Amino acid sequence: MFANNHNRFHSVAHPSTNEFSGFKEVLAANRGTRRFGKRSFVFNRLGSTNSYAKRLAAKGSAEGTLVIAEKQTRGRGRRGRRWESAPGKGLWISLILRPDLEADKAGLLALLAGLSVAQTVETHLNLSAELKWPNDVLIQSKKFCGILSEAEISARQRLAWIVLGIGLNVNHLLEDFSDEIRPRATSLAIECGSPVSRSELLLAFLGVLEENYLKLKQGGAAYFLQQWIRRCPTFKKRILLRQDETEMEGIFEDLDAGGRMLLRLANGEIRRISAGEVIIQPE
Ligand code: BT5
């Protein structure tokens, strides 16, 4: 579906500058999804697509509403961390879902988004992606995608809505990343060796995510967790998990039905973890 010519990329200084992004037109012509991206808000520049989508969700916007920006000035990671969102290089998107699931299933949807990114780049770009709990998608240990999910919980402890924010480095060259993240970041163009059409990638991803989401709602959680685990190099391995100021070492034993990590500590105790940072993988 996409060009995969290893020689071409290096002869093009800034591969994305000539690309017609036209997300609005591309989304309007999309026939590949039933609901995802049918309503869209397209910006040249926005603080954060997640912040905007959360406001839309709170005002009642429909499931499948998509917010996308060419550039974010305040792109966010988890816990207020910064997400680098260079103009015209990536896909900076947020999708509103109204899954009517128990609140403790929110983590599952973030895992599903990461899995869908991995499956999209495998199928459409022939790349192998790795998943890092809870929300990173990597290629050969370098991060090209992060997921930020933010939800509103109803009084009945169900998900009133959830915004899935997906940041995907597509046409970055290494010099487009800050010194701070350059050693640990990559883009799809770097990995393919040629530029990648962001609009084709967007449509492909929305199709995969919608199909996965519908299957999940029909009771397919166990299957998705298996698919997620298959792509996770630290599964069943010894890891170091950081939560705020504390660190725990243990074996990444399993995922529960809500996407939480079951971490087996040295004394045999199993901890159920819903947030944290896998920081090293000592052998
Ligand atoms: C994430 O946070 O990985 C979630 C990122 C979600 C971004 C999307 S873009 C669309 C939507 N709108 C938003 O405002 N956000 C979402 P976390 O796990 O906390 O990782 C953040 C860390 O990743 C930073 O502290 C950096 O070390 C690193 N980082 C920042 N920008 C990056 C990039 N473009 N590529 C790779 N790594 C990056």
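Filter the GluC sites (Glu not before Pro) in the range 119-195 to those in DSSP coil with at most 11 other Cβ atoms within 10 Å of their Cβ, and list the result. Let's see the in-between values first.
On the way: sites: GLU122, GLU130, GLU150, GLU152, GLU175, GLU180, GLU191; in loops: GLU180.
Of the GluC sites (Glu not before Pro), the ones in loops of the range 119-195 whose Cβ has at most 11 other Cβ atoms within 10 Å are GLU180.
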> Given the C-alpha centroids of the range 205-238 and the range 35-57, what is the distance between them in whole angstrom?
Replying inline: 25 Å
> In Å and whole numbers, how far do the C-alpha atoms of the range 35-169 stretch along each principal axis, longest first?
Replying inline: 42, 31, 29
>> If the elastic network links every pair of Cα atoms under 10 Å, which of ILE139, ILE96, ILE147 fluctuates the most in the Gaussian network model of the chain?
In response: ILE139
> Can you work out ³J(HN,Hα) from phi for every residue in the range 78-84, in order, using Karplus 6.51 cos²θ - 1.76 cosθ + 1.60 and θ = phi - 60°, giving whole Hz and x for Gly and Pro?
Replying inline: 6, 6, x, 5, 8, 10, 5
> Once you put a point 7 Å from the Cα of ASP100 and another 7 Å from the Cα of LEU262, both along the Cβ direction, what distance in nm separates them?
Replying inline: 3.0 nm
> What ³J(HN,Hα) values, in whole Hz, does the Karplus curve 6.51 cos²θ - 1.76 cosθ + 1.60 give for the range 38-54 when θ = phi - 60°, with x put for Gly and Pro?
Replying inline: 5, 10, 9, 10, 10, 10, 6, 8, 8, x, 8, 5, 5, 4, 5, 5, 5
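Okay, helix-only estimate at 222 nm for the chain: each DSSP H run of n ≥ 4 adds -39500 (n - 2.57), divide by all residues, round to 500 deg cm²/dmol; what do you get? Before the final figure, lay out the partial values.
On the way: 7 runs with 75 residues, N = 283.
Value at 222 nm, helices only: -8000 deg cm²/dmol.
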>> For a quick check: with amide H placed at 1.01 Å from N, whose amide H comes under 5 Å from ARG39's, ignoring anything fewer than 5 positions away on the same chain?
In response: LEU66
> Whose amide H sits under 5 Å from the amide H of THR186, counting only residues 5 or more places off or on another chain, with H placed in the peptide plane?
Replying inline: LYS143, PHE144
> If contacts are Cα pairs under 8 angstrom and at least 6 residues apart, what is the relative contact order of the range 112-255 in percent?
Replying inline: 21 percent
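For the chain, calculate the relative contact order in percent as a whole number, restricting contacts to Cα pairs under 8 Å that are 6 or more residues apart.
Working: 589 pairs, mean separation 52.3, N = 283.
Worked out over the chain, it gives 18 percent.
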>> Which entries of LYS71/LYS217; LYS54/LYS105; LYS59/LYS105 have Cα-Cα distances beyond 27 Å here?
In response: LYS71/LYS217
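Give me the orientation-averaged projected area of the Cα convex hull of the chain, in nm², one decimal. Walk me through the numbers before you get to the answer.
Details: hull surface 60.3 nm².
Reported value for the Cα convex hull: 15.1 nm².
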> Setting aside same-chain residues fewer than 8 positions from LYS132, which lysines have a Cα under 17 Å from its Cα?
Replying inline: LYS142, LYS143, LYS236, LYS237
> Taking the Cα-to-Cβ direction at LYS215 and at ILE153 and moving 7 Å from each Cα, how far apart do the two end points lie in nm?
Replying inline: 2.9 nm
> Can you run phi through the Karplus equation (6.51, -1.76, 1.60; θ = phi - 60°) for the range 261-278 and list ³J(HN,Hα) in whole Hz, with x for Gly and Pro?
Replying inline: 8, 9, 10, 8, 7, 4, 7, x, 5, 9, 9, 9, 10, 9, 8, x, 10, 7
> In nanometres, what is the gap between the two model label sites at GLU200 and ALA222, each 7 Å from Cα along Cα-to-Cβ?
Replying inline: 3.8 nm
> Computed FRET efficiency, Cβ-Cβ of SER178 and ARG34, R0 35 Å: what is it to the nearest 0.05?
Replying inline: 0.35
> Taking a temperature of 10 °C and a viscosity of 1.306 mPa s, what whole-number D in µm²/s does Stokes-Einstein yield for the range 176-283 with Rh from Kirkwood over alpha carbon pairs?
Replying inline: 95 µm²/s
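Bear in mind that the values in this text are calculations on the coordinates, not laboratory data. A quick note: this is a predicted structure, and the numbers were derived from the prediction, not measured. With ideal geometry, Cβ positions are generated from the backbone for all residues, glycine too; neighbour counts draw on all protein chains shown.
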